[in-house]
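Data block below; observations after.
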Amino acid sequence: RIILINVRCCGLGRLFSTEGEITPAFSAHVSTATYLERPHLAAMRKETRRELTFPAITLCNVNRFRFSALTDADIYHLANLTGLPPKSRKGHRPSELQYPSPDMLDIFQRTGHQLEDMLKSCNFSGQNCSSEDFSVVYTRFGKCYTFNGNKTSPKRVRQGGTGNGLELMLDIQQDEYLPIWRETNETTLEAGIRVQIHSQNEPPYIHQLGFGVSPGFQTFVSCQEQRLTYLPQPWGNCRASSEPVIPGYDTYSVSACRLHCESTQVQRECNCRMVHMPGDADICTPSKIKCVNKALALLQKSTGDSCPCETPCNLTRYGKELSMVKIPSRGSARYLSRKYQKSEEYIRDNFLILDIFFEALNYETIEQKKVYDIAGLLGDIGGQMGLFIGASILTILEILDYIYEVSSLHSNTQVLLSAERVGFSVILYLVMYSACIISPFHIS
């Protein structure tokens, strides 16, 4: 028994070196340092479902104002945006210079491209749709339209692949594009539409996150839903859903945060907001466009210091792959020309088909997980103490039992023999403890 007790207790000598420093054998400080680094990993897996919620689709014509819908008063007010001269060769008459301040929301509403004129055909999962299935939304491109933007009752699909999503045929109406007399910050040189695929819980930020679709092509967009879960502080840097939402929005998103930052900056510098920005301030007139551009440039130079936008802890995004084929074919050009009463050249220059669908009825989950938490830290420290110290409640009880047996020997008649036993035990204990002291674990 004395040998067993010494084996268990000799580890006590390994806890500290002769200088009082922690030995390599006892590495609790290493475990603590590892925990304070907050390590984490990303786990990815695929989940299959019988049906998936179809994303919101926002589309905008890159041309913001239809030339035929602009009045002389509109052209006069929008001169800083469009750079257009008056339609009349005589120029603006003196009486016209007394125009009241423009209603920018009315101008965007009235002169923007109307979806009922652009939309030639619409099909969702084998069923016809129309312009009534879209809602109006305003962006940097002016009047835009969102399909399936309803949060409470979004559309769902039960099959993946081409033809099982949203298929649109659009006329971009290039004959309504504004002529370019001089370049401004708002001048567009391209023709087509901008598209953004996003969740119903986030507003469109299409001027930065959208992709272009060109006329004369059928564009196939294969989507893959991705659900991302990030760790909050101190393991990560995401924004928890329990934090207050941004004014004007039901849920937090990076797009909503950016729009809020832009609106706050423009209101602070120019005392107004752009038509697509949240808030109750008046909409900026074209005369303040220079002030707006300057305010947005200052916000961009701040690199997010003045208004940081954290990633939400739970995020849904859509990966996409694009492919295109040219339309119309030689055989279909004549048919489309007769059907829509347009020339074949007009069809080639203005018509496009957009087909957005899920690749398959599954989604990817990418989740951040803790590699080393407080339970792991305490378990490691406890394991190290048990391995290197070797002390336990059982050892203490055995020591007490041994002391009791030794004490009982003093009352026995064989006192001399007992003394010899005790002396031998003490000598053996000292020898084994000395062996622990000079063990290799103690050599640094």
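The values are calculated or read from the model by the stated rules, or taken from the named source; none is laboratory data. All figures in this text were calculated on a predicted structure; none of them were measured in a lab. Don't worry about glycine lacking a Cβ; one is built from the backbone with ideal geometry, like all the others, and counts go over all protein chains shown.
Structure summary
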| item | result |
| --- | --- |
| Sole residue being touching an Asp or Glu at 6+ places or on another chain (Cβ under 8 Å) and hydroxyl-bearing (Ser, Thr, Tyr), chosen from 287, 253, 263 | 253 |
| Selected residue [in contact with a helix residue (DSSP H, G or I) (Cβ under 7 Å, 6 or more places away or on another chain) and without any contact (Cβ under 8 Å) to a residue 40 or more places away in the chain] from 191, 281 | 281 |
| Only one of 279, 331 that is assigned to a loop (DSSP other than H, G, I, E, B), of a type in the set (Gly, Ala, Ser) and either more than 28 Å from residue 113 (Cα to Cα) or modelled with pLDDT under 95 (or both) | 279 |
| Index of the failed condition, residue 215 passing every other in (1) assigned to a strand (DSSP E or B); (2) closer than 30 Å to residue 347 by Cβ | (1) |
| Residue 150 in a loop (DSSP other than H, G, I, E, B) and assigned by TED's automatic domain parsing to the domain that holds residue 273 | yes |
| Filtered residue count, the range 228-269, keeping only those that are assigned to a loop (DSSP other than H, G, I, E, B) and within 20 Å of residue 280 (Cα to Cα) | 9 |
| Conditions (1) in the same structural domain as residue 54 (by TED's automatic domain parsing); (2) within 30 Å of residue 232 (Cβ to Cβ); (3) surrounded by fewer than 14 Cβ atoms within 10 Å (Cβ to Cβ): number failed by residue 375 | (1) |
| Test: residue 177 is in the same structural domain as residue 328 (by TED's automatic domain parsing), over 20 Å from the mean Cα position of the chain (by Cα) and modelled with pLDDT under 95 | yes |
| In the range 58-72, residue surrounded by the fewest Cβ atoms within 10 Å (Cβ to Cβ) [restricted to those that are under 12 Å from residue 206 (Cα atoms) and touching a Ser or Thr at 6+ places or on another chain (Cβ under 7 Å)] | 62 |
| Flag for residue 221 being among the aliphatic types (A, V, I, L, M), modelled with pLDDT of 90 or more, closer than 23 Å to residue 55 by Cβ and buried (at least 20 other Cβ atoms within 10 Å of the Cβ) | yes |
| Unique match (being surrounded by 18 or more Cβ atoms within 10 Å (Cβ to Cβ) and either at positive phi or modelled with pLDDT under 90 (or both)) among 249, 230 | 230 |
